[in-house]
Each structure stands twice: as C-alpha cells, then as structure tokens.
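Structure record follows, encoded as structure tokens.
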Amino acid sequence: MMYGFTWDTATPLTYAWSILPIILIGLTVTLKAAAAGFAIALVLGLVFAMLRRSRFRSVSWTTACVVEFLRDTPLLVQLFFLYYVLPEYGLTLPAFLTGALALGLQYSAYTSEVYRGGIEAVPRGQWEAATALNLTRMQTYRDIVVPQIVPRILPAMGNYMVAMIKETPVLSVITVLDMMALANMIGERTFEYLVPLTMVGLIFLILTLICSAGLHRLQKVLPKAGIPLR
Amino acid sequence: MPWVSYLPSLAQGAFVTAWITLAAIAIGAVLAFVAGIARVEGGRAVSTLALCYTELFRGTSLLVQLFWFYYALPLIGISFEPVATGILVLALHVGAYGSEIVRGALASVSVQQHEAARALNFGRLHTLIHITLPQAIIEMLPAFGNLAIETLKLSSLVSLISIADLTFRAQSIRNLTLDSAGVYTLTLLGYFAMSLVLMLVMRLIERLARRGAAFPRAAHS
C-alpha cells in the first residue's frame, strides 16, 4: 500500500505535508464507504418502513423487532458479525463491501424511522382521496406521498449521512484501508502518531463543517410544499 | 452447548461495559449541562469556548478521538490508564452531543417565562435554577434517553484500546474457539438486553420527572 511513499519527520509541518497524499487516498475510501453505506441505508430503510406499515400483523411486528435490534446494538459488533459469520455460510464479501453493508444495516434502522415519520405526516384525507380516485398503492406512493415527504425528510437524512461519515473509521478494524487505518499504519512505522491522527481529526472536522453548511443551504433552497417528480 | 461456556467471560465483559457506560453518561451529563448552559447564559468568550468544545467533539469521529487520546497524547507526555482514557473520551464525546440537547431545551423555554422572572426581580442564576432548568429538563429527557443508548453502543469502541469490555471478550473468545456465529450472537443479544434495560430506566425517570413536574411548585416555593 505504502511502497514508494516517503515521509519527512524533520518537523511536524513537513511530516504532515509528506503524508498528506496517503491520508487523502484514505479519504476517498472513507467517502466511498459512506456513500455505499448510505445508499444501502436509504433503500433498506424504505423497505423496512413499508414492511412496518404492512397490513399483516406478523410482518409489521417482526420488522419492528428487527429495526429495534439493529438500532440498539453497536455497529462494531454488527461489523464483526458480518465479517466473520457470513463467510461461514459461504458468502465471502470483500472487507469494503462488508463494511458498507454493516453501515447500511445500522443506519437503515434510523432511516426507516425517518421515512415512517414522513409517511405518517401525510394527512389521512389524502390517502382517502387517493383511494377515491382509484389509485393503486404504488401510484399513491409515487405521485402523492413521495413528492411531499422528500423535502420533509431530507434534513434528517442529511444529518444521518454526516453521522455515517463520522462512523466509517470503525471499518478500519476489518482491514478497510480508510483514513484511520492509513494514519495508524504511518504511526506504527514512524512511532509518531500525533501528526497523522490530528490530521485525520482535522479532515473529519472540515468535512462535517462543509456538510452541515451544505445541508443548511439545501434546507433554504428546497420548496416547502413538495417537489414534482415528473 | 458450547456457548454456555462463553457466558462467564462475556458476563464479566458486560459488567465492564455497563460500568464504563454509566460512568461516561454521568460525566457526560455534567459536561453537557456545563457546556449547554455556557452556550445560552455565558458571555461571548465563555459561549465561544463551549461552542468550540461542542464542534470539536461532534465534528470528529469517536474512534479518532479515542486513538488520539490513547496513542498521540502520551507522546507529548500526557497519559492515563486505558479505562480512564476510554471513560474520559466517551464522556467528552457524548457530553458534546448532550450540550446541544441542553442548549435546545433551554432555548425553547418561552420568552414570557424570562420576562415574568425579571418582573419578579429574580437574578439570572435564580431564574436559571428555579424557572428555566426545571422546565427544560423535562424536554431534554427523551433525547437524553436516546443519547444514553448511543453511549452504550459507542462504548464498544473502547475494546479497540485494549479495555476488556463485552466486545473485547467476544473477540478473544472468537479467536480461541473460531465459533463466530455463537459468540457474536450472544454478544449482540447482550448489548440488546442492556439497551432495553437502559431504555426502561430512562422511561421511568421520564415518568417520575413528569409526574413530579418540578416546575410549578419549585417556582412558587
């Protein structure tokens, strides 16, 4: 991984400058993992939210239990579970995908609650109107519910995305070479952890500040009433 | 039943997890109130300081903070026991999140309450202790409940700085027995059970606080 890289530990500044390229490679892995994890969370969360609203008691109850379980157990242990147990059943995923899956699973529990809140906020009269107009369930969701809940749930989803970015360093424990893993490797070779770890911290801080500012802007730009999908 | 033999070790780990979580919640709550009140009531310098603390610990990852305190700080001559480091960092982290809850709840107390307090010639400290805090605390409790469970979940990360908590024990048992499914299922269930207990306790506190509704009586007494 780090062949061909040299570092200069003369002063903290030159050291930081010389390891910046490696840390930035780690940053791309961090961002990719968060993006993949968040995509999984968005889809799976919607599935959970729909199942939760199922007409069948057994389905909605089971979903509620699964979501509660995912939400109340640590990401780290879920990560170990997926990483060590899945291969025993013949499903060997690359570490990166396992990590993204774990992030996605954990956050799907959160996003499903956001979806649920959004869907429940749609007034009852609109559901009745949709039934009166003979719309199918699919059409109701696509044309009535989704356009209205998108602006309502976006801020919460954005917050979870930022939270997820901050949790990606955990993936370093299953050998995903993200920023954290690379900073640790550099630390192990140079016996100088202060600079690399501080850099990782600073990059996270900048990242989250940018994301929060972006979310703030997005909230202002979005129309309150809803967005047409077509 | 191989997994029965894991239970004693896992139980010991669960005890360490519970103790670290509770200690972090207690210290974190103090930090949350100090920083949250400083944000609302403090002068410019104090509230900026509190804002910096909040942003610093909310904006960076807990794992980075843990490793920073564990590996980096000793290099400049400051070091603690691993358990102390774990509790301290966890408390600083959740305290930062908690301070936002405290700040939000204090800010949500209506202006009229402040005006009434001023009309009655209450000092600022008096207003805070007898008027705004008793009302705000009830608003904070549900969010604090979620944060408590978040603390329990995040406490699993201290296993990575060699503290023998539940996750650490699970890792060692797995490395010995290679029975991943059994060990990790038990561990997940252990955390789930602890979360449920924590949730019940927080609900109970919430109910007691609402029933006691400190605010009307405390304001008059």
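Every residue, every condition in (1) at pLDDT below 95; (2) more than 21 Å from A:Ala163 (Cα to Cα), yes or no:
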site	(1), (2)
A:Leu46	yes, no
A:Leu51	yes, yes
A:Ser58	yes, yes
A:Gly90	yes, yes
A:Phe96	yes, no
A:Gly104	no, no
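Need at least 3 residues that are more than 18 Å from B:Gly36 (Cβ to Cβ) and either hydrophobic (A, V, I, L, M, F, W, C) or away from chain A (no Cβ under 14 Å) (or both) per element, so show me which helices (runs of 4 or more DSSP H) inside region B:74-164 make the cut, counting only ones lying wholly within it.
Filter on region B:74-164 gives B:82-107, B:111-119, B:133-154.
For A:Thr9, all conditions in the list (1) touching a residue at least 40 places away in the same chain (Cβ under 8 Å); (2) part of a helix (DSSP H, G or I) hold save one; what is the number of the exception?
With respect to (1) touching a residue at least 40 places away in the same chain (Cβ under 8 Å); (2) part of a helix (DSSP H, G or I), A:Thr9 is out only on (2).
Could you count how many residues in region B:60-86 are under 20 Å from A:Thr168 (Cβ atoms) and either modelled with pLDDT of 90 or more or among the polar types (S, T, N, Q) (or both)?
Counting residues in region B:60-86 that are under 20 Å from A:Thr168 (Cβ atoms) and either modelled with pLDDT of 90 or more or among the polar types (S, T, N, Q) (or both) gives 11.
Does A:Arg152 fit the bill of being modelled with pLDDT under 90, more than 19 Å from the chain's Cα centre (by Cα) and of a type in the set (Lys, Arg)?
It is false that A:Arg152 is modelled with pLDDT under 90, more than 19 Å from the chain's Cα centre (by Cα) and of a type in the set (Lys, Arg).
Return yes or no: is B:Ala18 closer than 24 Å to A:Leu197 by Cβ, within 14 Å of another protein chain (Cβ to nearest Cβ) and part of a helix (DSSP H, G or I)?
Considered against the rule, which asks whether it is closer than 24 Å to A:Leu197 by Cβ, within 14 Å of another protein chain (Cβ to nearest Cβ) and part of a helix (DSSP H, G or I), B:Ala18 comes out as no.
Look at region A:123-153 and say how many of its residues are touching a residue at least 40 places away in the same chain (Cβ under 8 Å) and of a type in the set (Gly, Ala, Ser).
0
Filter region B:120-155 down to the residues that are among the small types (Gly, Ala, Ser) and in contact with a helix residue (DSSP H, G or I) (Cβ under 8 Å, 6 or more places away or on another chain), then identify the one that is surrounded by the fewest Cβ atoms within 10 Å (Cβ to Cβ).
B:Ala143
Which condition breaks for B:Arg44 when tested against (1) at the interface with chain A (Cβ under 8 Å from one of its Cβ atoms); (2) among the basic types (Lys, Arg); (3) free of Cβ contacts under 8 Å to residues at least 40 places away in the same chain?
(1)
Quickly run through region A:9-32 and pick out the residues that are more than 18 Å from A:Ile206 (Cβ to Cβ) and among the aliphatic types (A, V, I, L, M).
Correct list: A:Ala10 only.
Residue check: is B:Thr60 buried (at least 21 other Cβ atoms within 10 Å of the Cβ), polar (S, T, N, Q) and closer than 21 Å to A:Leu75 by Cα?
Criteria met by B:Thr60.
Taking B:Arg174 and the conditions (1) closer than 29 Å to B:Ile27 by Cα; (2) within 12 Å of chain A (Cβ to nearest Cβ), which numbered condition does it fall short on, given that it satisfies the others?
It fails just one condition, (1).
In region B:184-209, what residues are more than 8 Å from chain A (Cβ to nearest Cβ) and either farther than 22 Å from B:Ile138 by Cβ or in contact with a Cys (Cβ under 8 Å, 6 or more places away or on another chain) (or both)?
B:Leu186, B:Leu189, B:Gly190, B:Ala193, B:Met194, B:Val197, listed by residue number.
Which one of these is surrounded by 16 or more Cβ atoms within 10 Å (Cβ to Cβ) and under 22 Å from A:Leu202 (Cα atoms): B:Leu66, B:Leu31?
B:Leu66
So which residues in region A:166-175 are surrounded by fewer than 22 Cβ atoms within 10 Å (Cβ to Cβ) and more than 8 Å from chain B (Cβ to nearest Cβ)?
A:Ile174, A:Thr175, listed by residue number.
The values are calculated or read from the model by the stated rules, or taken from the named source; none is laboratory data. Quantities reported herein were computed from a predicted structural model and do not represent experimental measurements. Quick reminder, even Gly has a Cβ in these numbers, built from the backbone with ideal geometry, and neighbours come from all protein chains shown.
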